[in-house]
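Visitor: Supplied in structure tokens, the structure appears directly below.
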């Protein structure tokens, strides 16, 4: 019986030691993630990448570190690894809109439009009135020929929130154009033959959001 008690105590001690080591690893990973995020904000992508990779190695479940690493990869032009890290972050940070939204930006930048639509829709599932996601999803749906009532709904919701003049102009133009296409012949709505903005595509994709 004594041998059994001693064996149980040994197992319990090992489990406690393992828990302590795991807690220390997670604490160190959080510290490295913060250093990496600070380096990213300073534009030191090499240091940021090294710190954040070390953080994710120590604690693969650190969604904040994976999200920040994804942004570093995106800003360095590595779209593939950016998508991998942001997808992982979106699964770890299930209550946050930013990972899904930023994943959509990366996929849209890489012309993976169908996958971008899925990512933006996941973002809206988490935050249904997130303005930049509404606008980006509407834009990608228009790019892919989805001239339907769902796209019109997204444009209308965006227009109800938007205050930036250049975006309001574009949303008004696209909304009127789509309403006309769908057969809503409003006498109070009109649109010019020329899109009011040639830079709307890129401006939308520049709106990256961090999650600290």
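Visitor: Out of 200, 189, I need the residue that is modelled with pLDDT under 95, surrounded by 13 or more Cβ atoms within 10 Å (Cβ to Cβ) and either in the same structural domain as residue 90 (by TED's automatic domain parsing) or over 30 Å from residue 79 (Cβ atoms) (or both). Which one?
Guide: Unique residue meeting the criteria: 189.
Visitor: Further question on the same structure: Over 12 Å from the mean Cα position of the chain (by Cα), more than 30 Å from residue 50 (Cα to Cα), free of Cβ contacts under 8 Å to residues at least 40 places away in the same chain and outside any helix (DSSP H, G or I): is that true of residue 179 in this structure?
Guide: For residue 179, the condition - over 12 Å from the mean Cα position of the chain (by Cα), more than 30 Å from residue 50 (Cα to Cα), free of Cβ contacts under 8 Å to residues at least 40 places away in the same chain and outside any helix (DSSP H, G or I) - is not met.
Visitor: Right, here's the next one. When residues of the range 63-81 are filtered for being buried (at least 24 other Cβ atoms within 10 Å of the Cβ) and either touching a strand residue (DSSP E or B) at 6+ places or on another chain (Cβ under 6 Å) or not in a helix (DSSP H, G or I) (or both), how many remain?
Guide: The total comes to 0.
Visitor: Does residue 98 satisfy being touching a helix residue (DSSP H, G or I) at 6+ places or on another chain (Cβ under 9 Å) and free of Cβ contacts under 8 Å to residues at least 24 places away in the same chain?
Guide: For residue 98, the condition - touching a helix residue (DSSP H, G or I) at 6+ places or on another chain (Cβ under 9 Å) and free of Cβ contacts under 8 Å to residues at least 24 places away in the same chain - is not met.
Visitor: Could you list, in sequence order, the residues of the range 162-174 that are surrounded by fewer than 17 Cβ atoms within 10 Å (Cβ to Cβ) and part of a loop (DSSP other than H, G, I, E, B)?
Guide: Selection gives 163, 164.
Visitor: Is it true that some residue in the range 58-77 is closer than 30 Å to residue 38 by Cα and not assigned by TED's automatic domain parsing to the domain that holds residue 23?
Guide: no
The values are calculated or read from the model by the stated rules, or taken from the named source; none is laboratory data. If you're wondering where the values come from, they're calculated on a predicted model, not measured in any experiment. With ideal geometry, Cβ positions are generated from the backbone for all residues, glycine too; neighbour counts draw on all protein chains shown.
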